[in-house]
1. Does R189 satisfy being within 24 Å of Y207 (Cβ to Cβ) and surrounded by 14 or more Cβ atoms within 10 Å (Cβ to Cβ)?
2. Just wondering, is there one or more residues in the stretch 136-145 that are surrounded by 20 or more Cβ atoms within 10 Å (Cβ to Cβ) and of a type in the set (V, I, T)?
3. Which condition number does K69 fail, the rest of (1) closer than 24 Å to L133 by Cβ; (2) charged (D, E, K, R); (3) touching a strand residue (DSSP E or B) at 6+ places or on another chain (Cβ under 9 Å) being met?
4. Any idea which of (1) of a type outside the set (G, A, S); (2) surrounded by fewer than 19 Cβ atoms within 10 Å (Cβ to Cβ); (3) without any contact (Cβ under 8 Å) to a residue 60 or more places away in the chain is the one D180 doesn't satisfy?
5. Looking at the stretch 111-132, which of its residues are outside any helix (DSSP H, G or I) and either surrounded by 19 or more Cβ atoms within 10 Å (Cβ to Cβ) or of a type in the set (G, A, S) (or both)?
6. Tell me, please, whether a residue that is touching a residue at least 60 places away in the same chain (Cβ under 8 Å), in a strand (DSSP E or B), touching a helix residue (DSSP H, G or I) at 6+ places or on another chain (Cβ under 9 Å) and crowded, with 16+ Cβ neighbours inside 10 Å can be found in the stretch 63-70.
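Throughout, read-outs are computed from the coordinates displayed, never taken from laboratory work. Predicted model, so just to flag it, every value in this text is computed and none were measured. Virtual Cβ from ideal backbone geometry, glycine too; neighbours counted across all protein chains shown.
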Amino acid sequence: MAKVVQLMGHREVSPRVRRVVRDSDYSWGGNTMMNLYSGTTDPFSHRCRIVLYEKGMDFQVIDVDMLNKPEDIAVINPYNRVPVLVDRDLVLYESNIINEYIDERFPHPQLMPPDPIMRARARQLLFTFEQELFSHVIGLEKNLKAADKLRMHVRDRLIELAPIFAKQKYMLAEEFSMLDVAIAPLLWRLEYYGIELPKSAAPLMKYAERIFSRQGFIDALTPSEKVMRR
């Protein structure tokens, strides 16, 4: 893990236009507002919604039915997946790429470390999360035959993270960052995925509760996500 670092303080930004549109109500194309096409239960889309709500900027979230995706998704994303961000002529897919773009375009509050070395370390950890944790999400969602093995793997990797939060509030010491954004959807879905953590992981779960209590996280939840956790 990256060493403990104290990030710079950031100015609070008041929320403005933040609309959520049901897919059936959306008129595809012709909208100048920043649009996020987001799966209502998709953990990767969840990441992007968290960043948008943390930033408090103007945006529109278009809910996409994961079981009945409109053909337009395949048109704007050749991989036919969400999330997809459309900002005028710019089209981005893959959650970490989308989130870094939003963070650079709207830098307050800043979610990636300002220092180039720490930013590189953060990106390395984001890659580690993808390889060690989120690469198993599809298997967990579909409850494949290997799901029990995947649960054990994810559980063990999370247990390894727990001691960090006995000493610090967030992944990068005291400031909420993109690393916290990246892992939050998984922590929210632990019960939904059938992953049980031992008492030794208590610092990790207290850390998760800190994230879950943030207004940006609360606002980013869809109705379908709210019921994933009691």
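1. Working: within 24 Å of Y207 (Cβ to Cβ): yes; surrounded by 14 or more Cβ atoms within 10 Å (Cβ to Cβ): yes.
The answer is yes for R189.
2. Taking the stretch 136-145 first, the residues surrounded by 20 or more Cβ atoms within 10 Å (Cβ to Cβ) are 136, 140.
Imposing the further condition that a residue be of a type in the set (V, I, T) reduces the set to none.
No, that holds for no residue.
3. That leaves (1) as the condition not met.
4. The failed condition is (2).
5. The initial filter retains those residues of the stretch 111-132 that are outside any helix (DSSP H, G or I), namely 111-115.
Across the stretch 111-132, the qualifying residues are L111, M112, P113.
6. Just the residues of the stretch 63-70 that are touching a residue at least 60 places away in the same chain (Cβ under 8 Å), to begin with: 63.
In the following step, the residues that additionally are in a strand (DSSP E or B) were identified as 63.
Keeping just the survivors that are touching a helix residue (DSSP H, G or I) at 6+ places or on another chain (Cβ under 9 Å) gives 63.
Restricting the remaining residues to those that are crowded, with 16+ Cβ neighbours inside 10 Å gives 63.
Within the stretch 63-70, one or more residues are touching a residue at least 60 places away in the same chain (Cβ under 8 Å), in a strand (DSSP E or B), touching a helix residue (DSSP H, G or I) at 6+ places or on another chain (Cβ under 9 Å) and crowded, with 16+ Cβ neighbours inside 10 Å.
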